[in-house]
Amino acid sequence: MIRESDRFNIHHPNLCPALRWKGQFILAEPDPTVPECNDGLFWCLHSQTCIGPDGELAEPGNCSSKSRSCHGTGKCG
């Protein structure tokens with residue numbers, strides 16, 4: 001079972017570039033006194049849903065695995 005800290009780690013070095021979350025669209029300087037939100041609302045750029053083109057959940061823990069057929073390829077399906 002994957003730990004929650006790994007499941008929602010948006011700083012993973014192998015994170016698929018197609019993964020999106022609302023924090024990417026907040027236009028403000030980071031404030032170190034405010035903890036990161038990481039509310040779990042993620043979606044895939046290609047499928048535009050929380051389910052990726054391969055039918056698996058789109059979230060950092062899953063989208064950092066290069067074994068996914070859609071990881072970083074820009075391909076849907």
The answer for the net charge of residues other than ASN14 whose Cβ lies under 13 angstrom from its Cβ, with Lys and Arg +1 and Asp and Glu -1, is +1
Might you report the magnitude of the Cβ-based charge dipole of the chain about its Cα centre, with Lys and Arg at +1 and Asp and Glu at -1, to the nearest 20 debye?
-> 340
When only DSSP loop residues count, what trypsin sites (Lys or Arg not before Pro) in the stretch 1-48 have their Cβ near at most 14 other Cβ atoms within 10 Å?
-> ARG3
Please state the relative contact order of the chain as a whole percent: Cα pairs under 8 Å, 6+ residues apart?
-> 36
For GLU36, GLU29, ascending order of other Cβ atoms within 10 Å (fewest first) is GLU29, GLU36
State the label only: which of (1) -0.47, -0.64, -0.92; (2) -0.33, -0.44, -0.64; (3) -0.25, -0.34, -0.52 corresponds to log10 I(q)/I(0) by the Debye sum over Cα atoms at q = 0.12, 0.14, 0.17 Å⁻¹ computed from the shown model?
-> (2)
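Here, each number is a calculation from the coordinates, and none is a lab measurement. Quick caveat: nothing in here was measured; it's all calculated off a predicted structure. We place every Cβ from the backbone using ideal geometry, glycine too, and count neighbours over all the protein chains shown.
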